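Below: the structure, in structure tokens.
The values are calculated or read from the model by the stated rules, or taken from the named source; none is laboratory data. No experiment lies behind these values; they were computed from the predicted model shown. Note: ideal-geometry Cβ built from the backbone for every residue, glycine included; neighbour counts use all protein chains shown. Calculation scope for accessible area: heavy atoms of the full protein, side chains included, ligands and nucleic acids excluded. Shrake-Rupley method; radii C 1.70, N 1.55, O 1.52, S 1.80 Å.
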Number of protein chains: 2
Amino acid sequence: MIKIICIGKLKEAYLKEAVDDYIARINKYHKIQIIELPDSNIEEEKEKILKNITSKEYIISLEIEGTPLDSKQLSDKINNTLIHYSTITFIIGSSTGLSDEIKQRSNYHLSFSNLTFPHGLFRLILLEQIYRSFKIINNETYHK
Amino acid sequence: MIKIICIGKLKEAYLKEAVDDYIARINKYHKIQIIELPDSNIEEEKEKILKNITSKEYIISLEIEGTPLDSKQLSDKINNTLIHYSTITFIIGSSTGLSDEIKQRSNYHLSFSNLTFPHGLFRLILLEQIYRSFKIINNETYHK
């Protein structure tokens, strides 16, 4: 299973539609679950995140300072990890970032960009890349 | 003026809404124009792009292999360039990429990510970063 833990609600209706579209697309390839937690402060967010992960999950935290991968490398990462783990959990922090404890628990620190994005748009970007990963894993063309 | 030259139509309604939202937001700070050209082949796309730029414009082409900037650096780049140029033109290629001639004409090669994005989503990502740049330039908080 692919699990995405994210902080904060989606405000714009168009963003909800976009996110739902990609969840439906990904679901054709793999089970995906979004866990949306309320934003508060970094300490409370940490506690809520920890309650939503188990020791058996492979955690990928999204961090500006993480390792940059290209789309092929990300698809390989997902494909290879799913051999050994039944669940990959991506964690997107709020604008206040992720606590050190979450970063330490994380198995992999992934960077999508040096740029800072709003968390809602970032959720969409991550979903699109997960969808793209499954297209690559399944050798399907994807040029849009 | 900020000009964005992009290849290919936006397919999803939610993406059009998202793009229109950010155009409206940017317009409060700076004039912005989107030039959407039909996708065909790299040679024809090149010709159409060249017809839509003048020698006086500062061209920033979006290329995976370009220079990665963070959001503050991008806002500085936009701010400093607008002192010397009346128009900054961003060029987003289609899935076939940009021709070498366009890359050579370009004043700056900018990379947002090592990841490959669909051109429509990329247009939204670019607009959000331009909006963010003007928020930074105007010392306004932006935490969403």
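Taking 45 Å as R0, compute the FRET efficiency from the Cβ-Cβ separation of B:A13 and A:L50 and round it to 0.05.
Efficiency at R0 = 45 Å is approximately 0.75.
Using the heavy atoms of the protein chains alone and a 1.4 angstrom probe, what is the accessible area of the protein assembly as shown per residue in square angstrom?
That works out to 46 Å² for each residue.
Summarise the partner chain shielding of A:111-124 as one whole number: the mean count of Cβ atoms from other chains within 10 Å of each residue's Cβ.
6
Which percent of the accessible area of the protein assembly as shown is formed by carbon and sulfur heavy atoms (probe 1.4 angstrom)?
Roughly 48 percent of what the probe reaches on the protein assembly as shown is carbon or sulfur.
Pop out the ³J(HN,Hα) list for segment B:53-70 in order, Karplus 6.51 cos²θ - 1.76 cosθ + 1.60 with θ = phi - 60°, rounded to Hz; leave Gly and Pro as x.
With coefficients 6.51, -1.76 and 1.60, one gets 10, 10, 5, 8, 7, 8, 9, 10, 8, 8, 9, 3, 7, x, 7, x, 10, 8 Hz.
What percent of all Cα-Cα pairs in segment A:16-144 falls in each 10 Å bin, counting up from 0?
For segment A:16-144, the pair-distance distribution reads 11, 44, 38, 7, 0.
What does the highest-first list of A:27-35, A:94-102 look like by mean Cβ count within 10 Å?
Packing order, densest peptide first, comes out as A:94-102, A:27-35.
To the nearest 20 Debye, how big is the dipole of the protein assembly as shown about its Cα centre, given +1 on the beta carbon of each Lys and Arg and -1 on that of each Asp and Glu?
That gives the protein assembly as shown a dipole magnitude of about 300 debye.
Apply the Karplus parameterisation 6.51 cos²θ - 1.76 cosθ + 1.60, with θ equal to phi minus 60°, to every residue of segment B:105-122 and state each ³J(HN,Hα) to the nearest whole Hz, in sequence, with x for glycine and proline.
Computed from phi, the couplings for segment B:105-122 are 6, 5, 7, 8, 9, 10, 10, 8, 5, 7, 7, 9, 10, x, 4, x, 5, 5 Hz.
Which of the lysines could be linked to B:K16 by a straight reach, that is with a Cα gap under 18 Å, when you skip same-chain ones fewer than 8 residues away?
A:K11, A:K16, A:K144, B:K3
Roughly what percent of Cα-Cα pairs across the protein assembly as shown reach past 37 Å?
14
Taking the Cα atoms only, what angle lies between the long axis of helix B:13-27 and the longest principal axis of chain B, rounded to 10 degrees?
The two axes meet at around 50 degrees.
Rounded to a whole number, what is D in µm²/s for segment A:3-67 from Stokes-Einstein with the Kirkwood radius over alpha-carbon pairs (20 °C, 1.002 mPa s)?
157
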